[in-house]
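Reading through the structure tokens given below for one structure.
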Amino acid sequence: NFPTENARILIEDNLGNMGWSDYFTIVGNGSINITQPDENTVWTVGQTISVLWNNADGSTVDIYVYRGCEMVEQFNDGTANDGQINDACPDFPGNDIRILIEDDLGNYGWSEYFTISE
């Protein structure tokens, strides 16, 4: 979580050969604060779950589910920005799950990593 527009990755092998990646951007957690799920959360596929947030400014939010670095589902599109949604748990088991919320003004926030079990 070190936001920058000038990130690069250096890879070096055990013989001293090395190479740099192109520059890329790392974004931070944003201004929307996701309070649930948190790092202790375990959702079970099929159960009703809650996502809770604050500090979103727009009138609606979009909610996405990520497994690792891959977006696996747009969980809700254009949901009222009232700070809570209850829905069925997505069917993407793993222990590297995160939620991204974006409001209609471009503000965003990431949840902590949590688990979805079968």
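Below are the figures for this structure:
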item: Selection within the stretch 45-60 - assigned to a strand (DSSP E or B), closer than 21 Å to P90 by Cα and open to solvent by 50 Å² or more (accessible area, probe 1.4 Å); result: T48, L52
item: Of all residues making up the stretch 25-44, the number that are open to solvent by 40 Å² or more (accessible area, probe 1.4 Å) and within 30 Å of R8 (Cα to Cα); result: 9
item: Identity of the residue in the stretch 55-95, in contact with a Lys or Arg (Cβ under 6 Å, 6 or more places away or on another chain) and at negative phi, that ends up modelled with the lowest pLDDT; result: F92
item: Criterion (of a type outside the set (S, T, N, Q) and touching a residue at least 24 places away in the same chain (Cβ under 8 Å)) met by exactly one of D77, D62; result: D62
item: Cβ-Cβ under 7 Å pairs, at least 6 apart or on other chains, the stretch 80-98 side more than 17 Å from D38 (Cα to Cα), far side open to solvent by less than 40 Å² (accessible area, probe 1.4 Å) and part of a loop (DSSP other than H, G, I, E, B); result: N81/A56; N81/G58
item: Those residues of the stretch 73-118 which are among the charged types (D, E, K, R) and either closer than 19 Å to V42 by Cα or surrounded by fewer than 18 Cβ atoms within 10 Å (Cβ to Cβ) (or both), in sequence order; result: E73, D77, D82, D87, D91, D96, R98, D104, E112, E118
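The values are calculated or read from the model by the stated rules, or taken from the named source; none is laboratory data. These numbers were taken from a predicted model, which means no experiment stands behind them. Neighbour counts run over all protein chains shown; Cβ positions are idealised from the backbone, glycine included. The area values use the complete protein model at the heavy-atom level, side chains included, leaving out ligands, DNA and RNA. Shrake-Rupley method; radii C 1.70, N 1.55, O 1.52, S 1.80 Å.
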